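*Asks:* Quick one: this structure, given as structure tokens, is what I'll be asking you about.
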Amino acid sequence: MMGERLGYAPGVFDLFHVGHLNILRRARGHCDRLIAGVCSDELVVRLKGRPPVVPLSERLQIVRSVRYVDETFVATVDDKIAIWKEVGFDVIFKGDDWLGTDVWTTLESEFAAVGVKVVYFPYTVHTSSTLLREALRLLGEQAPPGAASGQLAGPRLSTTDR
């Protein structure tokens, strides 16, 4: 479609939380179509030194189900210019916790040279995947012996329904 503004919101999207939703919602308001770039499990290990809690296939299902997202893209490299060459977005979105960093200052110049705008949104300070991961770790330490970690209890029947 002529004149369509294509947006790209990269992220790991592990332990999906309101901060992720805020970025995607705000990003969708600045473009006609939004592609969410979801990092592959291998890329997450390379970038963060540990695998994501939620595997890629599940993270993709979650992100695809967000109404603001038109499409997902699996990022296997951290090179945003290489991803731009493949995806062809007009604007890229990032949390403002990256604003002013050496990496993103350089990217702003590289993207400006090819006509791509970089837009930063306020970082959701009160929640993050890092905080959630730490909370899960602490909960795991407090679990009673023999408790299955990571499993949700099934539905329970009342004594009158049995």
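The values are calculated or read from the model by the stated rules, or taken from the named source; none is laboratory data. Quick caveat, the model's predicted, so the values are computed rather than measured. Counting neighbours? That spans all protein chains shown, and the Cβs are built from the backbone with ideal geometry, glycine included. When the accessible area is computed, the model is the full protein with side chains, heavy atoms only, and any ligands, DNA or RNA have been set aside. Shrake-Rupley method; radii C 1.70, N 1.55, O 1.52, S 1.80 Å.
*Asks:* Each label point is 7 Å from the Cα along the Cα-to-Cβ direction; what then is the distance between the points at residue 105 and residue 67, in nm?
*Replies:* For residue 105 paired with residue 67, the spin-label model returns 4.1 nm.
*Asks:* To continue, here is another question. For residue 48 and residue 141, FRET efficiency with R0 = 22 Å and r from the beta-carbon atoms, rounded to 0.05?
*Replies:* 0.55
*Asks:* Moving to a separate point now. How far apart, in nm, are the 7 Å Cα→Cβ label points at residue 81 and residue 134?
*Replies:* Result for the modelled spin labels: 3.6 nm.
*Asks:* Sticking with this one: Near residue 117, which lysines are there with a Cα under 23 Å away, not counting those fewer than 8 places off in the same chain?
*Replies:* Straight-distance partners of residue 117: 80, 85, 94.
*Asks:* Related question: Could you rank 12, 53 by how accessible they are, 1.4 Å probe, largest area first?
*Replies:* 53, 12
*Asks:* Using the Karplus curve 6.51 cos²θ - 1.76 cosθ + 1.60 with θ = phi - 60°, what ³J(HN,Hα) values do you get for each residue of segment 32-40, in whole Hz, with x for Gly and Pro?
*Replies:* 7, 9, 10, 10, 9, x, 9, 5, 5
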